[in-house]
Amino acid sequence: MLHVGVVGCGYWGPNLVRNLAENRLCHKLSLCDLDGAKIERQLLRYPAAKPWTDYEEMIAQSDLDAVMIATPLSTHFDLARKALKRGKHVFVEKPFCASTEQGLELIALAESKQRCLAVGHTFVFSPPVIKIKEILDRGELGKLFYISSTRVNLGLHQKDVSVIWDLAPHDLSMFLHWLGEAPVEVLANGKDFVQRGIPDVAFMFLRFASGAIAHAQFSWLSPSKLRRTTIVGSAKMLVYDDTEHLEQVKIFDKGVNFRDPDTFGEYQLSYRTGDIVSPKLESFEPLQAEVNDFLSAILQKRRPRCDGEDGLRVVRILEAAEKSLMNSGQVEVIGDVKVRV
Ligand SMILES: NC(=O)c1ccc[n+]([C@@H]2O[C@H](COP(=O)([O-])OP(=O)(O)OC[C@H]3O[C@@H](n4cnc5c(N)ncnc54)[C@H](O)[C@@H]3O)[C@@H](O)[C@H]2O)c1
């Protein structure tokens, strides 16, 4: 049974708090925010929680086992490092941190202290994403050709990070999970239409060593909320629409057959359209599974399902994509990085 502290009780932190309060592996909660009014609101629901406005004081508690960080990106590294140095297990919301150097330091610190370091890639815990991984792993789509994703809405404009750092971690963590490989190249284009210096629209292109390619579109400046991913393979195609209530995943038995011609006259393409199947999905809150995985990993002394290395892989793509965006979409090569100490 664990004593867990949550730092950041703004928009997202209260979701972590709710899931901790409902988890039997957590017996005591500490809540921290610079803004006392935000903690007060949480205390109305969870009166037994211990309130803190000073993070250093919260993590100085000797019986505090773990910290979950739901503050803006610019604070992740400092807060995570302080907690790890005090020997606490740490969960950091996406994006893990602001640079490769920061990520390497946190991973090395967690290893030297033998503490869990988890990263909030919530979608990896969601039933449709898990189902798609099963479908891909059993080769149902055939050879994977490409992925195309759209994550757009009106808002929420961030003050300190571009739309890439805000929205792309979701799609990138899914792509890496599904493909089991990181891209070797990325390029991105975009523009800062509303706030100067903070791109609010971005188009990203990724190339993988397996030959697969991926494209993703991110925007805080779009009339309607779209969360749609298309995956095309040599045998079948799949559409995942996260805004759907029923049938979030659909598998299309569609494709093109190309017969190598002996002569030009025999040149032939045939289009195949078969059944559309919507697989049954389990029903649970992804965040509940994510919080439970973090707490279980601590108690079982194992790596969490999304750890610092997973977080770092995404950060490396974000860094390269942002650099490409600043250089009019030039191709950035993403090299290997040694993450083990
Ligand atoms: N996993 C997901 O699906 C998901 C969804 C939304 C946001 N997030 C992530 O959650 C994090 C927080 O996002 P948000 O939208 O809740 O931000 P927010 O601005 O609404 O809330 C952040 C809170 O942190 C507090 N804070 C900042 N620095 C602090 C410090 N040093 N000590 C104590 N409190 C501090 C602020 O007062 C604020 O209340 C971000 O990393 C974001 O990317 C994840």
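Observations on the structure shown:
- Counted by Cβ distance under 13 Å from Gly329, the other residues give a net charge of -1, where Lys and Arg count +1 and Asp and Glu count -1.
- A full extension of the chain between Gln300 and Ser62 corresponds to an added length of 83.6 nm, given 0.36 nm per residue minus the alpha carbon distance.
- Footprinting exposure proxy for Trp220, Trp52 (fewest neighbouring C-beta atoms within 10 Å first): Trp52, Trp220
- Computed E for Val184/Leu43 - FRET, C-beta separation, R0 30 angstrom, nearest 0.05: 0.05
- Since only Phe125, His215, Val333 are under comparison, the one whose Cα sits farthest along the positive direction of the charge dipole of the chain, derived from C-beta charges on Lys, Arg, Asp and Glu, is Phe125.
- Relative contact order of the chain, defined on C-alpha pairs under 8 angstrom at six or more residues apart (%): 19
- With both residues required to sit in segment 83-209, DSSP beta bridges show an antiparallel share near 65%.
- Order of Arg305, Arg259, Arg313 - criterion: other Cβ atoms within 10 Å of each residue's Cβ, fewest first: Arg259, Arg305, Arg313
- Farthest positive-ward along segment 209-341 dipole, Cα basis, beta-carbon charges - from Val315, Phe252, Thr229: Val315
- Of all DSSP beta bridges in the chain, antiparallel share, percent nearest 5: 60
- Order of Leu156, Leu43, Leu176 under a 10 Å beta carbon neighbour criterion, fewest first: Leu156, Leu43, Leu176
- Theoretical ellipticity at 222 nm over the chain - DSSP helices of four or more residues, -39500 (n - 2.57) apiece, nearest 500: -10500 deg cm²/dmol
- Assuming charge only on the beta carbon of Lys and Arg (+1) and of Asp and Glu (-1), the dipole of segment 26-105 about its Cα centre is about 240 debye to the nearest 20.
- Segment 151-304: antiparallel DSSP beta bridges as a percent of all, rounded to 5: 95
- Gyration tensor verdict on the chain (Cα atoms; rounded if a/c is under 1.5, prolate if a/b is larger than b/c, oblate otherwise): prolate
- Two-site FRET efficiency, Phe203 against Asn15, from Cβ-Cβ distance with R₀ of 25 Å, rounded to 0.05: 0.30
- Nearest-0.05 FRET efficiency for Ser328 and His157, computed from C-beta distance (R0 25 Å): 0.60
- 15 Å reach of a label modelled at Leu25, 7 Å along Cα-to-Cβ, counting backbone N of segment 40-80: 65-68
- Restraint check, Lys28/Lys113; Lys50/Lys159; Lys94/Lys250; Lys28/Lys85; Lys113/Lys143; Lys88/Lys323, Cα-Cα greater than 32 Å: Lys113/Lys143; Lys88/Lys323
Rule-based calculations on the coordinates, nothing more; no lab input. Since the model is a prediction, treat every value here as computed from it, not as a measurement. All Cβ positions, glycine included, derive from the backbone under ideal geometry; neighbour counts span all protein chains shown.
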